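I have placed the structure first, in the form of structure tokens, so that the comments after it can refer back to it.
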Amino acid sequence: MVVRPNVKELPGPKAQEIIKKNFEALAVTTQDPDTLPIVIDHGDGILVYDVDGNVFYDFGSGVGVLNVGHAHPRVVEAVKKQAEKFTHFALNDFFYENAIILANKLAELAPGDFPKKVVYQNSGAEANEAMMKLVKYGTGRKRFIAFYHAFHGRTQAVLSLTASKWVQQERFFPTMPGVEHIPYPNPYRNPWHIDGYAEPDELVNRVIEFIEEYVFRHVPPEEVGAIVFEPIQGEGGYVVPPKNFFKELKKLADNYGILLADDEVQMGVGRTGKFWAIEHFGIAPDTIQFGKAIGGGIPLAGVVHRADIAFDKPGRHASTFGGNPVAIAAGIEVVEIVKELLPHVQDVGDYLHKRLKELEEKYEVIGDARGLGLAQAVEIVKSKDTKEKHPELRNEIVKEAVKRGLILLGCGDNSIRFIPPLTISKEEIDVAMEIFEESLKAALQ
Ligand SMILES: Cc1ncc(COP(=O)(O)O)c(C=O)c1O
């Protein structure tokens with residue numbers, strides 16, 4: 001028997017009190033208490049228990065962090081054991097063996113038959129900062145190409161790569177100069193809005209042509225250090241590019257000696273059914289930025305990169321907490337658990353995709369259901385014909401779902417992502433789909 005979500009009152013009295021205090025004490029982030037008024041007491045696997053005793057299914061996984069689920073016993077044990085020995089010893093000055101063990105595991109899992117190294121950071125944005133410094137230092141080139149709708153983080157230099165929402169940029173200009181943006185090959189909404197270019201091959205060709213024809217018209221290719229990309233755009237709406245896209249991108253990059261910098265902060269660590277999402281696309285990137293899920297909820301991030309662009313002198317780059325021993329201990333367990341889970345993720349991921357596709361067939365407002373593994377999303381539109389985006393309805397659906405105990409997160413302008421912990425069962429997916437459909441119907445009324 002699966003445990004079902006159970007919500008009596010949301011927010012309950014205790015949650016209301018805490019949310020009020022939160023806004024008195026803390027800076028505004030992206031919290032939206034009208035949509036997600038959830039104050040956690042504790043979590044267990046895919047379940048979240050709030051302070052008033054309400055029970056939820058977590059289909060957001062703490063924004064893609066809890067791939068192994070809440071409080072996985074093996075992660076908890078590893079953290080406890082490590083915390084009893086030492087919680088910090090500054091990897092920038094000293095040494096501990098676990099840091100090497102995890103680095104070797106991550107490098108071995110990364111595609112590409114070339115020597116690799118790892119630099120540890122604390123957040124996804126920092127991982128991308130480190131990647132930019134590695135590329136600049138290792139290649140001597142200072143410019144980057146990134147994609148429209150990309151999200152790579154919010155620190156000052158990384159903001160120059162992020163092209164997701166203007167609110168993230170407003171009043172923060174100037175960010176780092178030298179970044180050109182190009183359209184991401186979105187099979188559902190091709191960026192040229194011209195009929196006929198929706199064919200995957202044509203879409204890929206157009207993006208490659210765009211770089212050659214428009215970017216390289218004014219940017220000397222030999223000044224470009226890397227093309228930075230998400231293997232599936234996450235915050236941009238869980239957009240899966242055509243299968244051959246990265247192969248074609250790599251051909252272009254190789255022609256000009258440009259590196260490929262793969263941001264796997266949201267899609268890596270088993271989320272798509274492969275350890276790294278880029279494995280679906282058959283290329284070896286030069287850098288892989290990781291974060292979010294790797295520490296099982298403890299901040300840990302970094303870059304696996306070609307050894308020949310490594311920082312080479314003490315002081316070039318370091319971070320006091322980068323590679324914190326408690327986070328590393330959790331990371332080692334996470335890698336092992338995720339490796340064991342990969343066949344399961346492919347199986348339940350296909351099942352979730354099938355269930356969402358059935359709903360796409362049934363409802364006019366679901367324009368597209370897409371994803372790989374347990375990185376799935378639906379795009380909410382006014383009608384299938386016009387594909388006009390319907391963000392208001394999307395927001396209503398998320399609200400209705402949360403009221404019924406299903407935590408969902410929006411992404412893109414009008415999409416909803418379904419990213420439960422990788423441990424989820426088909427029975428739990430069935431319960432979630434039942435709640436999602438009820439919520440959709442309620443939102444449509
Ligand atoms: C692809 C990607 N890169 C980078 C980041 C930034 O990570 P962080 O919030 O840990 O700085 C995110 C966060 O959502 C992300 O999805």
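The values are calculated or read from the model by the stated rules, or taken from the named source; none is laboratory data. Nothing here was measured: the structure is a model prediction, and the numbers come from that model. We place every Cβ from the backbone using ideal geometry, glycine too, and count neighbours over all the protein chains shown. Accessible surface is based on the protein model in full, side chains and every heavy atom, while ligands, DNA and RNA are left aside. Shrake-Rupley method; radii C 1.70, N 1.55, O 1.52, S 1.80 Å.
Which residue is farthest from LYS403 (Cα to Cα), if the candidates are limited to region 20-36 and must be assigned to a loop (DSSP other than H, G, I, E, B) and of a type in the set (S, T, N, Q)? Spell out how you get there, then give the answer.
Filtering region 20-36 down to residues assigned to a loop (DSSP other than H, G, I, E, B) leaves 26-36.
Narrowing the set further to residues that are of a type in the set (S, T, N, Q) leaves 29-31, 35.
Numbers: THR29: 22, THR30: 20, GLN31: 17, THR35: 9 Å.
Per the stated criteria, the residue is THR29.
If you go through region 1-25 and pick out every residue that is open to solvent by 90 Å² or more (accessible area, probe 1.4 Å) and under 20 Å from SER439 (Cα atoms), you end up with 3. Close Cβ contacts (under 9 Å, 6 or more residues apart or on different chains) running from residues in region 389-418 that are assigned by TED's automatic domain parsing to the domain that holds ASN186 to residues that are open to solvent by less than 20 Å² (accessible area, probe 1.4 Å) are absent. Filtered by the rule that a residue be among the charged types (D, E, K, R) and within 14 Å of SER61 (Cα to Cα), region 280-304 gives a lone residue, LYS292. State which residue is farthest from the chain's Cα centre (by Cα) when the search covers only region 1-19 and only residues that are assigned to a helix (DSSP H, G or I) and within 28 Å of GLU428 (Cβ to Cβ). Of everything passing the filter in region 1-19, LYS14 is farthest from the chain's Cα centre (by Cα). Given the conditions (1) without any contact (Cβ under 8 Å) to a residue 12 or more places away in the chain; (2) open to solvent by less than 10 Å² (accessible area, probe 1.4 Å), and given that GLY315 satisfies all but one, which numbered condition is not satisfied? Only one criterion in (1) without any contact (Cβ under 8 Å) to a residue 12 or more places away in the chain; (2) open to solvent by less than 10 Å² (accessible area, probe 1.4 Å) is unmet by GLY315, namely (2). Every listed requirement among (1) buried (at least 21 other Cβ atoms within 10 Å of the Cβ); (2) at pLDDT 95 or above is met by PRO185 save one, (2).
Scanning region 26-47 for residues that are surrounded by 13 or more Cβ atoms within 10 Å (Cβ to Cβ) and of a type in the set (D, E, K, R) yields ASP41, ASP44. Screening GLU212 on (1) open to solvent by 80 Å² or more (accessible area, probe 1.4 Å); (2) of a type in the set (Asp, Glu); (3) part of a helix (DSSP H, G or I) shows it passes everything except condition (1).
The selection criterion, being polar (S, T, N, Q), assigned to a loop (DSSP other than H, G, I, E, B) and without any contact (Cβ under 8 Å) to a residue 60 or more places away in the chain, holds for THR162.
All of (1) open to solvent by less than 50 Å² (accessible area, probe 1.4 Å); (2) within 16 Å of the ligand (Cβ to nearest atom); (3) not aliphatic (A, V, I, L, M) hold for TYR96 with one exception: (2).
So which residues in region 46-80 are in a helix (DSSP H, G or I) and either within 16 Å of the ligand (Cβ to nearest atom) or under 27 Å from PRO13 (Cα atoms) (or both), if there are any at all? Across region 46-80, the qualifying residues are SER61, GLY62, VAL63, GLY64.
Scanning region 148-159 for residues that are part of a loop (DSSP other than H, G, I, E, B) and either closer than 24 Å to ASP308 by Cα or open to solvent by less than 10 Å² (accessible area, probe 1.4 Å) (or both) yields ALA150, HIS152, GLY153, ALA157. For residues in region 283-327 being in contact with a Ser or Thr (Cβ under 8 Å, 6 or more places away or on another chain), within 13 Å of the ligand (Cβ to nearest atom) and not aliphatic (A, V, I, L, M), which is farthest from PRO241 (Cα to Cα)? Out of the qualifying residues, it is PRO299. If you go through region 123-147 and keep only what is within 16 Å of the chain's Cα centre (by Cα) and open to solvent by 40 Å² or more (accessible area, probe 1.4 Å), you end up with SER123, GLU126.
With the condition being out of contact with any strand residue (DSSP E or B) (no Cβ under 7 Å at 6 or more places or on another chain) and within 21 Å of PRO231 (Cα to Cα), I'd like the strands (runs of 3 or more DSSP E) fully within region 325-428 carrying at least 1 qualifying residues. Passing ranges, in order: 366-372, 375-380. Condition check for ARG370 on (1) open to solvent by less than 60 Å² (accessible area, probe 1.4 Å); (2) without any contact (Cβ under 8 Å) to a residue 40 or more places away in the chain; (3) under 19 Å from MET267 (Cα atoms): one failure, at (2). Only one of ILE288, ILE298 is under 24 Å from ALA103 (Cβ atoms), outside any loop (DSSP other than H, G, I, E, B) and in contact (Cβ under 8 Å) with a residue 60 or more places away in the chain; which? Unique residue meeting the criteria: ILE288.
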